[in-house]
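Some notes on the structure that comes next.
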Amino acid sequence: MQIRCSNCHKPFALGKATVHNALDQMAAEDMHHFNAQCPHCRRANRISFEELKHAAPDWEPQSKEEKTG
């Protein structure tokens, strides 16, 4: 997933594994946005759940049984 920093305007990428982990965390904690840090200026960039889901159409929420066991 390609992102452009809202502060320094440099592009950076989030890998598929990072996107899936972010979606899992957001679903578990009922969050609306994920903060992705820019590797250039270290500023947090808010990415909505919908944007992340668009970048990972094959992602499905894990059930509680899958997480524990």
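What follows is calculated from the coordinates using simple rules that are stated; it is not laboratory data. Quantities reported herein were computed from a predicted structural model and do not represent experimental measurements. Don't worry about glycine lacking a Cβ; one is built from the backbone with ideal geometry, like all the others, and counts go over all protein chains shown.
What the table below lists for this structure:
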quantity: Length added when fully stretched, I3-S48, from 0.36 nm per residue minus Cα-Cα; calculated: 15.0 nm
quantity: Net dipole in debye of the chain [+1 Lys, Arg Cβ; -1 Asp, Glu Cβ; about Cα centre; nearest 20]; calculated: 560 debye
quantity: Gained length - Q62 relative to K10, 0.36 nm times residue gap less alpha-carbon distance; calculated: 15.4 nm
quantity: Per-residue HN-Hα couplings for the stretch 43-55 [Karplus 6.51, -1.76, 1.60; θ = phi - 60°; Hz; x = Gly/Pro]; calculated: 7, 7, 10, 7, 10, 6, 4, 5, 5, 5, 5, 5, 6
quantity: Phi-based couplings in Hz for the stretch 30-41 (Karplus 6.51, -1.76, 1.60; Gly and Pro marked x); calculated: 6, 8, 9, 9, 10, 9, 9, 7, 6, x, 8, 10
quantity: R43 long-range amide H proximity, modeled H, under 5 Å; calculated: C38
